[in-house]
Amino acid sequence: MIVSIHQPDYLPWLGFFDKILRCDVFVLLDNVQFSKNYFTNRNKIRTAAGSATSQGWTWLTVPVLTKGKADQRIDEVQINNISERRWAEKHWKSIEQSYKKALFFSKYADFFYQLYSKEL
């Protein structure tokens, strides 16, 4: 039996899903300490390679409440929708702009649009 354990990531890399497919039991380890500005709440996406500031990448960060919560676990983290109400809309626009010409984007665009349009 193959058991695989991984912490949750925002916009996980392709290898994350391959890891899930190749094991018999997959454990999402979310009862460990949260590290702000790590891949749990942020990730990079490809952008137009010619951009002077991005060098072909941009960071997407989900705002989270961390003040006074230095030792909180991943499963205790709350998204900060108070001061950053439009973060999901901004992320969707960045993803759409970056990937709209990708081969299979149109096949999955509606799914991700609906996902980023939900109230959290």
Review point. Name the residues in the stretch 28-47 that are under 11 Å from residue 73 (Cβ atoms) and within 9 Å of the chain's Cα centre (by Cα), would you?
Key: 40
Exercise for review: Output yes when any residue across the stretch 54-61 is within 22 Å of residue 117 (Cβ to Cβ) and of a type outside the set (S, T, N, Q), and no when none is.
Suggested key: yes
Practice item. Answer yes if at least one residue in the stretch 53-68 is touching an Asp or Glu at 6+ places or on another chain (Cβ under 7 Å), closer than 21 Å to residue 12 by Cβ and in contact (Cβ under 8 Å) with a residue 24 or more places away in the chain, and no otherwise. Key: yes
**Study point:** Pairs with Cβ under 8 Å, 6+ apart, first in the stretch 8-26 and over 19 Å from residue 45 (Cβ atoms), second aliphatic (A, V, I, L, M) and not in a loop (DSSP other than H, G, I, E, B)
**Key:** 23/3; 24/3; 25/3; 26/3; 26/5; 26/20
Review point. Among the residues of the stretch 81-93, is any in a loop (DSSP other than H, G, I, E, B), of a type outside the set (Lys, Arg) and touching a Leu at 6+ places or on another chain (Cβ under 8 Å)?
Key: yes
Check your understanding: Is at least one residue of the stretch 101-114 exposed (fewer than 11 other Cβ atoms within 10 Å of the Cβ), at pLDDT 95 or above and charged (D, E, K, R)?
Key -> yes
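The values are calculated or read from the model by the stated rules, or taken from the named source; none is laboratory data. Computed from a predicted model, the values in this text were never measured in an experiment. Cβ coordinates were reconstructed from backbone atoms using ideal geometry, including for glycine residues, and neighbour counts include every protein chain displayed.
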